[in-house]
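Enquirer: Take a look at the following structure, please.
The values are calculated or read from the model by the stated rules, or taken from the named source; none is laboratory data. Everything numeric in this text was worked out from a predicted model, so none of it was measured. With ideal geometry, Cβ positions are generated from the backbone for all residues, glycine too; neighbour counts draw on all protein chains shown.
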């Protein structure tokens with residue numbers, strides 16, 4: 001990539017990207033650091049793609065010895081374009097298929113915001129694909145008053161995204177106080193890769209997602225990285241999810257985008273959460289063999 005779309009994080013490593021073709025499903029853009037370490041599957045949030053969500057976390061995870069796998073969801077970034085409406089369950093099935101194709105079943109799935117909802121469905125419907133889960137800045141449902149207002153605005157959002165392109169994202173970032181520099185240009189360019197139709201439908205899907213009645217059916221070892229100053233996904237929702245999963249809790253005192261705004265604290269919490277889940281997943285595997 002070049003110009004405004006160039007990787008903006010200097011010497012921080014970015015895993016190689018490639019297309020993984022799944023028969024009868026489609027082609028998926030996946031980053032894979034390779035290596036023999038335990039696999040971690042990173043699932044990004046709504047409107048973002050893997051690089052926008054996880055760019056600052058790639059190198060610390062690789063340095064810690066993990067094989068880092070990250071994919072763009074349907075309609076987001078370079079993700080699959082489908083004639084079918086966007087569905088979280090289809091994204092979960094995509095993840096399971098990619099892990100099988102890459103010989104990476106048994107990974108720990110890490111879901112951020114919308115990626116957390118996808119991870120919940122992956123653990124429920126494709127439980128053999130993963131060994132554990134980490135929830136980040138996410139919930140079992142997305143039905144706060146603010147969220148409900150957001151979901152009702154999806155038709156208007158679709159029109160705005162369809163007409164505006166990268167320029168609309170640049171203006172939005174400026175209004176949010178982002179400096180007008182090469183990094184903001186890269187962010188706007190990455191955001192504009194998404195499909196307006198799919199992004200809007202993904203918002204509606206989040207409004208419909210409610211895992212509270214079946215959370216206890218998830219038996220994987222779990223941990224939660226809770227963003228305790230979150231104005232998008234209420235911390236009480238995040239704590240309720242952790243209780244429903246019997247998850248270990250690791251707190252970052254930051255707003256919803258802690259992964260980017262407080263990278264040091266977030267990475268420390270994520271690494272601790274992964275170590276916790278990996279230790280319990282290993283114990284579970286030993287017990288099942290016995």
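Enquirer: Of the residues that sit in region 254-278 and are in contact with a strand residue (DSSP E or B) (Cβ under 8 Å, 6 or more places away or on another chain) and assigned to a loop (DSSP other than H, G, I, E, B), which one is surrounded by the most Cβ atoms within 10 Å (Cβ to Cβ)?
Expert: Per the criteria, the residue is 254.
Yes/no matrix, rows are residues, columns are (1) free of Cβ contacts under 8 Å to residues at least 24 places away in the same chain; (2) more than 18 Å from residue 225 (Cα to Cα); (3) within 13 Å of the chain's Cα centre (by Cα); (4) in a helix (DSSP H, G or I):
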{"residue": "73", "(1), (2), (3), (4)": "no, yes, yes, no"}
{"residue": "77", "(1), (2), (3), (4)": "no, yes, yes, no"}
{"residue": "85", "(1), (2), (3), (4)": "no, yes, no, no"}
{"residue": "90", "(1), (2), (3), (4)": "yes, yes, no, yes"}
{"residue": "111", "(1), (2), (3), (4)": "no, no, yes, no"}
{"residue": "120", "(1), (2), (3), (4)": "no, no, yes, yes"}
{"residue": "128", "(1), (2), (3), (4)": "yes, yes, no, yes"}
{"residue": "143", "(1), (2), (3), (4)": "no, yes, no, no"}
{"residue": "149", "(1), (2), (3), (4)": "yes, yes, no, yes"}
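Enquirer: For residues in region 6-22 being loosely packed, with under 14 Cβ neighbours inside 10 Å and touching a strand residue (DSSP E or B) at 6+ places or on another chain (Cβ under 7 Å), which is nearest to residue 64 (Cα to Cα)?
Expert: 16
Enquirer: Let me ask something else about it. Going through region 115-146 one residue at a time, which ones are in contact with a strand residue (DSSP E or B) (Cβ under 9 Å, 6 or more places away or on another chain) and over 22 Å from residue 67 (Cα atoms)?
Expert: 117, 137, 138, 140, 141, 142, 143
Enquirer: Then there's this: On the basis of being surrounded by 13 or more Cβ atoms within 10 Å (Cβ to Cβ), at pLDDT 95 or above, in a loop (DSSP other than H, G, I, E, B) and touching a strand residue (DSSP E or B) at 6+ places or on another chain (Cβ under 9 Å), does residue 45 make the cut?
Expert: Here the answer is yes, as residue 45 does meet what is asked.
Enquirer: OK, next. Given the conditions (1) surrounded by fewer than 21 Cβ atoms within 10 Å (Cβ to Cβ); (2) touching a helix residue (DSSP H, G or I) at 6+ places or on another chain (Cβ under 8 Å); (3) not in a strand (DSSP E or B), and given that residue 241 satisfies all but one, which numbered condition is not satisfied?
Expert: (1) is the only condition that residue 241 fails.
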